[in-house]
Each structure stands twice: as C-alpha cells, then as structure tokens.
1. Out of residues 5 or more away from V19 or on other chains, whose amide H comes under 5 Å of its own, with H placed 1.01 Å from N in the peptide plane?
2. Sorted from fewest to most neighbouring beta carbons within 10 Å, what does the list F34, F77, F129 look like?
3. Kindly put I182, I95, I113 in sequence by how many other C-beta atoms sit within 10 Å of each C-beta, fewest to most.
4. How far apart, in nm, are two points set 7 Å out from the Cα along the Cα-to-Cβ line at S15 and at L72?
5. D59 to D208: FRET efficiency via 1/(1 + (r/R0)^6), r the Cβ-Cβ distance, R0 25 Å, to the nearest 0.05?
6. Going by how many other Cβ atoms sit within 10 Å of their own, how do Y80, Y199 line up, fewest first?
7. Could you give the nm distance between label points at R198 and A176, where each point is 7 Å from its Cα heading toward the beta carbon?
8. Strictly over 21 Å apart at the Cα level, which of K171/K203; K61/K203; K148/K171; K61/K181; K58/K148 would you flag in this model?
Amino acid sequence: MTASQAAEPSSNGRSPHPVSKGPVVQLPTAFGSFVSQAWTDLVTGAEHLAVSSPNPTKDGKAPLVRLHSECLTGDVFGSYRCDCGEQLAYALELIAENGGTLLYLRGQEGRGIGLANKIKAYALQEAGFDTVEANEQLGLPVDARCYKAAAQILAEMGLHEIRLLSNNPDKQNRLATAGVKIVEMVPTEVPSREQNLRYLQTKKDRMDHLLTLDTQTAGLHRTGTDTFDLEQD
Ligand SMILES: [Zn+2]
C-alpha cells in the first residue's frame, strides 16, 4: 500500500485523494500484451484497474490515456444501447499500438448512478425519454462521476501530461480541475448504430460531446494513426 494519505499536498494546493496500489502483473489480451495494476480508492473502496502498454509512447509524445467508466452492459455484453464496449476495444487497440494507459474506473456505471438505476433509466428511455431526461425523472444526476481518484492514480503513475482519449469536454474540464494536464484530446468516436443513434445524439446535443455521428466517416478521422478502421456492419 502506498501512503498517499500522508503525502504532501500537490502542486495545485489540494490534498491528494487517498489511493493504494497493488503489484504490476502481465496481462496478455486479445488486444495485445499489457501490464496491469489494481488501484483502490481508499475513500469509496472502489477498485480500479490500470492497463498499460509495456512499450514507451511513440515519437516522444505525451502518453495516450483513456479513463473508461465501467459499463457492464456495453463492456461485457457488447450492448448496442451505448458505445462503451466499442470505445473500450478501440482505446485498447490504440494503446497497444501507440503506448499509453487505460484506467478502468469501476463504480461509475451509468455515469455514476449504478447498474440498477441505469436499467431503470433504460426503461424510461423505452417510454420516450432521452438519456438526460431519464436520469432527471429518477431524481438522479445526469453525470455523477468523480475523477479525483483517477487524477491521483495518474499522478502516482507519473502520468502528469497526457493525451486524453475521449469525446467528452466535461471529462477534460473535470480532470484539469483535478490537476491533470491534458495536452491533446484524441477522439474515440466509433460508428453509430441504429440502436444507439438517439443516445449518441443526446450526448452530442445535451452534453456537448464531440461527435460527428456520421456513420460513413466516424472512425476514419479518429486519431494520429491510420491503422484502425472498424468494419461497419
Ligand atoms: Zn455504456
């Protein structure tokens, strides 16, 4: 266990969010060979997982970092109601190729409202509400995620300046507030689908996500590399 509880306040004057880390282990996957390390948020008890390329970042650029919020339905079952699973796969492919780290943040299901509430929100969406209205109908925040632990984990991993793999400017702003310097936003837009088009349109219109929602071009302009063009099915 690290002793971040006892650490000095960070340069931005905030006390560090207490986290502890475990050993670094090998993690061979379908997306490439990674190294992995578990981190525990000592305030909430949430256990997060860092998955990193063992190779240095190419061209001396700041490392690619994806903060991926847990989405059981999308990540595990490949649900098309959202784009989480495809974004996860795409980010891992990019990190395997270019170096970097994916921090898998657990306890952030449904933008922080939990799995059961997310499924309730799905029921409301089937009754005609959009993803923002559904959370509001449930009396829940539209986005309850907190990135203080993530920022502390990045700091303890030495990831002080990053290229953030995200379409979400709010995530960029919240991380910056938490003391993470983002030198570039690298889009992770994956082709939209009939089943998630309304959800993605709401993220674009009501949460300012940087999405084109062009099924022909999404995925072709995504990064500095040109090696990943997902098949459109
Ligand atoms: Zn999802």
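Derivation of every value follows stated rules applied to the coordinates shown; laboratory data play no part. Keep in mind it's a predicted model, so treat the numbers as computed, not measured. Methodologically, a virtual Cβ is constructed for each residue, glycine included, from the backbone with ideal geometry; neighbour enumeration extends over all protein chains shown.
1. S4, Q5, L42
2. By the 10 Å Cβ count, ascending: F77, F129, F34.
3. Ranked by crowding around the Cβ, least crowded first: I182, I113, I95.
4. 3.3
5. 0.25
6. On the way: Y80 16, Y199 19.
Listing Y80, Y199 from fewest to most nearby Cβ atoms yields Y80, Y199.
7. Result: 3.4 nm between the two label points.
8. Values: K171/K203 13 Å; K61/K203 29 Å; K148/K171 11 Å; K61/K181 13 Å; K58/K148 28 Å.
The pairs that break the limit, which is 21 Å between Cα atoms, are K61/K203; K58/K148.
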